[in-house]
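Chemist: Please find one structure pasted underneath; my questions will follow.
The values are calculated or read from the model by the stated rules, or taken from the named source; none is laboratory data. Everything quoted here is computed from the prediction, not taken from an experiment. In this analysis, Cβ positions are derived from the backbone assuming ideal geometry, glycine residues included, and neighbour counts consider all displayed protein chains. SASA here: full protein model, heavy atoms, side chains in, ligands and nucleic acids out. Shrake-Rupley method; radii C 1.70, N 1.55, O 1.52, S 1.80 Å.
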Amino acid sequence: MTVMRVEPSSSHYMPDAVDYITIESSFLKRRADVSLYGANSTSSDLPIIVLLHGVYGNHWVWMGLGGVDKVYRRLREQGLQEFVLVMPSDGGLMQGSGYLPLDEADYEKWIVDDVISCVKEHYDCVSDQSPVYLSGLSMGGYGALRLGAKYPDKIAAISAHSSITKLDDFSFFINEENHQQLRGNHDEHKGDLISWLVQNKEQLPPIRFDCGQSDELYKSHCELEKAMIANGISHECEHLSGGHAWEYWHENVARSFWFFHRHFHQSI
């Protein structure tokens, strides 16, 4: 772990079950923020869900725009397994970092090393025995699928919503300068998801993904599904109603929670 300093919030002043931490990371060469929900639980070895945000956003959007904490509380009343929700910043590059390893900062290692290790080190309810599940929306869906495929030994299951599936998809949302940065060293990070999925085909964790049929990314969603079928990659794929909007993600993040709940109980 390359965390240089961690500044946690105080539970005396925060809303119930909500925590913020600021991490100084040598991978980012700067500080970045993480929101957490449920990290002050008295349980132990709890599974972790890392939720990756999309372009323009930050660590707070999953709760502040998506109401993910409200969805989680409702599902807990319906029997959902207890989780710790971890919602990191993408690192703050222009409109979005893509969670990629770039020359100016390693936004990939920030997530798979610093964020996960720091949470396990600083909260008593999680440990090295806690499985880590990875989810995200749009750019965050791209990050979840790509990082989960590249690091299958670190991630127990993947669930993605309305995902960018290749570097060209970023052009729907970001300017050309930002897009050029993400292209970076294309051979190293292999921006198209399918290359990592195929490369680690035999070690992949369980995968599901969905997209609304009115979404500008729906065509790419269908192309990824076809490529995974053609390469014999096991997955669950859903074609839903809706567009690229918080209303869709608020409604459908429950599908990720239940997917992780199912795989957690299958693993014990």
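Chemist: Restricting to segment 5-57, count the residues that are in a strand (DSSP E or B) and surrounded by 14 or more Cβ atoms within 10 Å (Cβ to Cβ).
Modeler: 22
Chemist: Still on this structure, please answer the following. When you scan segment 229-240, do you find a residue that is under 17 Å from Gly54 (Cα atoms) and surrounded by 15 or more Cβ atoms within 10 Å (Cβ to Cβ), even just one?
Modeler: For segment 229-240, residues under 17 Å from Gly54 (Cα atoms) and surrounded by 15 or more Cβ atoms within 10 Å (Cβ to Cβ): absent.
Chemist: Let me ask something additional. Go through segment 238-255 residue by residue and tally those that are in contact with a helix residue (DSSP H, G or I) (Cβ under 9 Å, 6 or more places away or on another chain) and touching a residue at least 60 places away in the same chain (Cβ under 8 Å).
Modeler: Number of matching residues: 6.
Chemist: Ok, one more. Does segment 60-81 contain any residue that is within 15 Å of Phe264 (Cβ to Cβ), part of a loop (DSSP other than H, G, I, E, B), touching a residue at least 24 places away in the same chain (Cβ under 8 Å) and open to solvent by 10 Å² or more (accessible area, probe 1.4 Å)?
Modeler: Taking every residue of segment 60-81 in turn, at least one turns out to be within 15 Å of Phe264 (Cβ to Cβ), part of a loop (DSSP other than H, G, I, E, B), touching a residue at least 24 places away in the same chain (Cβ under 8 Å) and open to solvent by 10 Å² or more (accessible area, probe 1.4 Å).
Chemist: Please give the helices (runs of 4 or more DSSP H) falling wholly within segment 104-192 in which 1 or more residues are within 30 Å of Ser10 (Cα to Cα), open to solvent by 10 Å² or more (accessible area, probe 1.4 Å) and at pLDDT 95 or above.
Modeler: Qualifying helices (runs of 4 or more DSSP H): 116-122.
Chemist: Taking the stated definitions as given, is Val198 over 21 Å from Leu51 (Cβ atoms), in contact (Cβ under 8 Å) with a residue 12 or more places away in the chain and assigned to a helix (DSSP H, G or I)?
Modeler: Yes: the conditions hold for Val198.
Chemist: Sticking with this structure for a sec: May I ask you to verify whether Phe209 is surrounded by 17 or more Cβ atoms within 10 Å (Cβ to Cβ), farther than 26 Å from Ser97 by Cα and in contact (Cβ under 8 Å) with a residue 12 or more places away in the chain?
Modeler: Answer is no for this residue.
Chemist: If a residue has to be touching a residue at least 60 places away in the same chain (Cβ under 8 Å) and among the charged types (D, E, K, R) to count, how many in segment 23-41 make the cut?
Modeler: Number of matching residues: 2.
Chemist: Given the condition of a type in the set (Asp, Glu), over 20 Å from the mean Cα position of the chain (by Cα) and under 13 Å from Val119 (Cα atoms), answer yes or no: does some residue in segment 11-32 qualify?
Modeler: no
Chemist: Next up: Sort out which residues of segment 82-103 are in a loop (DSSP other than H, G, I, E, B), among the hydrophobic types (A, V, I, L, M, F, W, C) and surrounded by 18 or more Cβ atoms within 10 Å (Cβ to Cβ), and write them in order of number.
Modeler: If the condition is that a residue be in a loop (DSSP other than H, G, I, E, B), among the hydrophobic types (A, V, I, L, M, F, W, C) and surrounded by 18 or more Cβ atoms within 10 Å (Cβ to Cβ), then Phe83, Leu93, Leu100, Leu102 are the ones that fit.
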